[in-house]
Amino acid sequence: MSLTYDPDTGLAPLEFAVTRNLAAKSAAEREQLLADPAFGTTFTDHMIDICWSVGGGWHRPRVQPYGPLALDPAAAVLHYGQEIFEGIKAYRHADGSIHTFRPDQNGMRMQRSARRMALPELPVAYFVQSLRELIAVDGDWVPSGEDQTLYLRPFMFAKEAFLGVRPANKAGYYLIASPVGGYFKGGAKPVSIWLSEEYSRAGKGGTGAAKTGGNYASSLLPQAQAYEEGCDQVVFLDADRNVEELGGMNVVFVYKDGTIVTPQSDSILEGITRDSILQLAADRGHEVVGRSVSLDEWRSGVASGDIVEVFACGTAAVIAPIGVLKGHNFIDEQPIGPLAMSLREELTDIQYGRREDPHGWMLRLDA
Ligand code: PLP
Ligand code: COI
């Protein structure tokens with residue numbers, strides 16, 4: 001994929017002011033931090049910061065030392081949660097080059113989230129440029145160990161100091177980065193899922209399809225229950241007891257005739273990992289269907305042998321087979337099959353440059 005600036009807007013690249021971090025980690029300190037990074041706990045030396053206002057549009061693009069943000073205590077995000085984010089990774093290839101995966105998709109999803117949360121839409125070209133600018137100063141932070149990546153976290157929030165309830169007139173876009181290994185402690189081992197029956201994640205017409213902080217805030221209590229129940233993650237149902245998704249991953253069902261089904265509704269986050277895996281599965285000849293899947297269909301399908309694999313997928317965790325579904329009165333062991341892990345291998349081989357990229361998904365960031 002080549003970086004194309006939006007032909008409709010003809011946008012020129014932003015000119016970033018770069019302030020180097022004089023307290024940047026030494027190479028030795030960095031190497032130590034990269035050796036075995038826990039998910040999302042270590043951050044690189046720099047960050048991106050772009051301002052937006054109703055009158056001035058996107059302005060003051062900066063690359064600056066990573067550090068605390070100064071916010072007015074009345075900033076709208078602190079009161080009404082007007083915030084969105086993205087998750088995307090940078091991969092180190094064997095020749096040392098640095099690549100990312102389908103950044104246009106994340107950029108467009110961030111625009112959709114922005115629309116829903118009444119935030120400004122960052123042009124996709126600026127989104128992609130921000131990834132390049134950060135890699136230009138922090139490229140050495142992209143780890144090279146197995147399953148390691150630099151997790152990139154773009155986010156945007158309302159920073160106008162104003163307590164009235166209306167879309168803020170000022171916002172900021174930021175990008176931070178964190179070297180990561182696997183999302184789950186046990187590696188790509190099957191995960192256990194707690195079925196949340198008393199809490200839902202989203203509703204019709206709500207914000208379920210937007211990547212906005214509030215969705216995650218409301219998932220924390222059920223997620224805490226999942227941990228209490230000895231489970232790794234929580235799965236949510238809609239009002240009709242159809243399966244939606246996990247707190248941070250989509251769900252995919254594999255049927256014994258090879259059909260692959262994933263829940264589809266306007267209250268589910270449209271995962272880019274899911275879209276990519278389903279494309280790879282379709283390339284292999286699988287029929288791929290997006291439709292409602294009820295909890296009953298899941299449980300009876302597993303019991304009858306109609307469903308032969310269930311897995312979860314997302315950028316942070318890639319693909320994790322689901323090994324157990326646990327509810328208040330039941331524990332259903334889930335069938336484990338080869339497809340989840342073979343799709344995981346195919347996808348990560350493309351991402352790490354170990355295999356052809358037939359769909360043009362990869363974008364080099366350091367050249
Ligand atoms: N669903 C939720 C709620 C998520 O937070 C994520 C992670 O980003 C996903 C699904 C998977 O999306 P993607 O594959 O684009 O990372
Ligand atoms: C991701 O997979 O990128 C996510 O955002 C999921 C989670 C870390 C919130």
Open item on the list: Between segment 23-53 and segment 248-285, how far is it from one alpha carbon centroid to the other, in angstrom?
Closed with: 33
Open item on the list: Quick check: residue separation of residue 292 and residue 97 times 0.36 nm, minus the Cα distance between them. What number comes out in nm?
Closed with: 66.1 nm
Open item on the list: With +1 on the Cβ of every Lys and Arg and -1 on the Cβ of every Asp and Glu, and nothing else charged, how large is the dipole of segment 152-280 about its Cα centre, in debye rounded to the nearest 20?
Closed with: 560
- [ ] Note down the magnitude of the dipole of segment 191-350 about its Cα centre, charges +1 on Lys and Arg C-beta and -1 on Asp and Glu C-beta and zero elsewhere, to the nearest 20 debye.
- [x] 220
- [ ] Could you calculate the contour length gain from residue 336 to residue 161, that is, 0.36 nm times the residue separation minus the distance between their Cα atoms, to one decimal place in nm?
- [x] 57.8 nm
Task: Sequence ranges 218-230, 43-55, ranked by mean other-Cβ count within 10 angstrom, highest first - done: 43-55, 218-230
Task: Modelled FRET efficiency - R0 22 Å, residue 354 with residue 283, Cβ distances, 0.05 increments - done: 0.85
- [ ] Between residue 306 and residue 54, with labels modelled 7 Å along Cα→Cβ, what's the label distance in nm to one decimal, could you check?
- [x] 5.4
Open item on the list: Shape verdict for the chain, please, from the Cα gyration tensor: rounded (a/c under 1.5), prolate (a/b greater than b/c) or oblate.
Closed with: prolate
Open item on the list: Using amide H atoms built in the peptide plane, which far-off residues or other-chain residues are under 5 Å from residue 47 H to H?
Closed with: 64, 66
Open item on the list: For segment 148-278, take the convex hull of the Cα atoms, compute a quarter of its surface area, and give me that in nm², please.
Closed with: 10.7
- [ ] May I ask you to order 343-353, 19-29, 328-338 by the average number of other C-beta atoms within 10 Å around their residues, highest value first?
- [x] 343-353, 328-338, 19-29
TODO: With unit charges on the beta carbon (Lys/Arg positive, Asp/Glu negative), name the residue among 212, 174, 100 whose Cα is farthest towards the positive pole of the charge dipole of the chain.
DONE: 174
Task: R0 of 45 Å, Cβ-Cβ distance residue 184-residue 329: FRET efficiency to nearest 0.05 - done: 0.95
TODO: Sum -39500 (n - 2.57) across every DSSP H segment of at least 4 residues in the chain, then divide by the residue count to get the 222 nm mean residue ellipticity, nearest 500.
DONE: -8000 deg cm²/dmol
Open item on the list: Along the charge dipole of the chain, pointing to its positive end and built from +1/-1 on Cβ of Lys, Arg, Asp and Glu, which listed residue (56, 82, 12) has its Cα farthest out?
Closed with: 56
TODO: Place a +1 charge on the Cβ of each Lys and Arg in the chain and a -1 charge on the Cβ of each Asp and Glu, then give the dipole magnitude about the Cα centre in debye, rounded to the nearest 20.
DONE: 840
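Any read-out appearing in this document is the output of simple, stated calculations on the displayed coordinates, not a laboratory observation. The model shown is predicted, which means the values in this text are computed figures rather than measured ones. Virtual Cβ from ideal backbone geometry, glycine too; neighbours counted across all protein chains shown.
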